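The structure under discussion appears below in the form of structure tokens.
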Amino acid sequence: AGVGVEHPDITNSSRRIKQSEVDGCAKNGVAGIVEVKIGYDGIVVANSVKAPRFEVSRKDLFLALAARVPGSREGELMENPYQTWQEVNPALPAIKIEVLGPPPTSGTRDAFVELAMEGGCKKIDWIKAMKKQDKKAYKALCHTIREDGAFIEAGENDNLIVQKLESNPDALGIFGYSFLEQNADKVQGSVVDGVVPEFDAIAEGTYPVSRPLFFYVKKAHVGKIPGLEGYLEEFTSEKAWGDDGYLADKGMIPMPRAEREGFAKDVATLKNLEM
């Protein structure tokens, strides 16, 4: 929104900045931006440890949660009729579809619809072909979550989701891997496309619903706002974001060393963001 003490020096982001957002910054006089990727996080679908561990595919998640789904003929779409997981896939349990997740304002929601919902949506060949013919219609179909009560927006409060999962072992919740790790005594991550959401699987990229985490620095404030340089130096130090750093203890998945070194150099030189 602008340069000056009334505006942020740094903003966190659970997805990469978009070109339209960079353009918006430029329009408001924010020209110099430094991009800092800090590590990775997995988006997990979890349920109570009191229930059996869920095993789903991204296609199952799309069919269970999309507002519109394919009908009986190719090219046909219908309002989502599925009430139970077994109706989505006969191999899944005959329990009601009830998923607690973040609101549209959340980066976690952005990442979930892009990685899980769209990831499953494009497993259907004729929908995948739509992307080339009508990208807008394709995205609207793949990214729109149903609003008939099967998906429940739980705000930005992951603690509330865990409480609800504890009281209802049939329900599923969506949140970041770090929160799963902190609550491993209460909830368990579902297997997605055959992969368990574990530290190594997210770091290697084999777990299909994982995302990079970023923050963005306003160059115009560096050297003007006290403590900014120290903050950047601390955050990009091995003791913070390294393999054995304190951020890994909090559940963040560190980047490979070469990637860390690249971003640390960008920060040290205040390299301008390149899209």
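For the chain, CYS25 stand unpaired, since no other cysteine beta carbon lies under 4.7 Å from theirs. Rounded to the nearest 20, the size of the Cβ-charge dipole of the chain about its Cα centre is 840 debye, with Lys and Arg at +1 and Asp and Glu at -1.
Basic side chains Lys and Arg get +1 at the Cβ, acidic Asp and Glu get -1 at the Cβ, and with that the dipole of the stretch 83-219 about its Cα centre reaches some 820 debye.
Directionally averaged projected area (the stretch 131-275, Cα convex hull): 12.7 nm².
Distant-in-sequence amide contacts of LEU77, defined by a placed amide H-H separation under 5 Å and a gap of 5 or more residues or a different chain, comprise GLY71.
Based on Cα contacts under 8 Å between residues 6+ apart, the chain shows a relative contact order of 34 percent. Under 5 Å from the amide H of ARG211 lie the amide H atoms of ASP41, GLY42, ILE43, each residue being 5 or more positions distant or on a separate chain, with H modelled from the backbone and absent for Pro and chain starts. Largest first and in whole Å, the equivalent-ellipsoid semi-axes of the stretch 1-85 read 40, 21, 11, each the square root of five times a Cα gyration tensor eigenvalue.
Among LYS224, LYS37, LYS139, the largest mean-square fluctuation in a Gaussian network model of the chain, built with springs joining Cα atoms closer than 10 Å, belongs to LYS224.
Using the Cα gyration tensor of the stretch 75-159, with a ≥ b ≥ c the square roots of its eigenvalues, what is the shape: rounded (a/c below 1.5), prolate (a/b larger than b/c) or oblate (neither)? Oblate. Build a GNM of the chain with springs between Cα atoms under 10 Å apart, and of ALA64, ALA201, ALA258 the one that fluctuates most is ALA258. In this rough spin-label picture, where each label sits 7 Å from Cα along the Cβ direction, the LEU270-ILE225 distance is 1.3 nm.
Reported to the nearest whole Å, the Cα centre-to-centre distance from the stretch 230-245 to the stretch 1-66 is 21. Projecting the Cα atoms of PHE112, TYR138, ALA66 onto the charge dipole of the stretch 42-210, computed from C-beta unit charges around the Cα centre, puts TYR138 farthest toward the positive end.
Largest GNM mean-square fluctuation across PHE62, PHE112, PHE54, computed for the chain with C-alpha springs under 10 Å, falls on PHE54. The slack between THR105 and GLU166, meaning 0.36 nm per residue of separation minus the straight C-alpha distance, is 19.4 nm.
Taking label positions 7 Å along the Cα-Cβ direction at both ARG53 and GLU204, the computed distance is 1.5 nm, reported to one decimal.
The DSSP beta bridges internal to the chain are antiparallel in roughly 80% of cases. Charged neighbours of ASP244, selected by a Cβ distance under 13 Å, balance to +1 (K, R count +1; D, E count -1).
Since every read-out is calculated from the coordinates, none of them should be taken as a lab result. Since the model is a prediction, treat every value here as computed from it, not as a measurement. Every residue, glycine among them, receives a Cβ derived from its backbone with ideal geometry; neighbour counts consider all protein chains shown.
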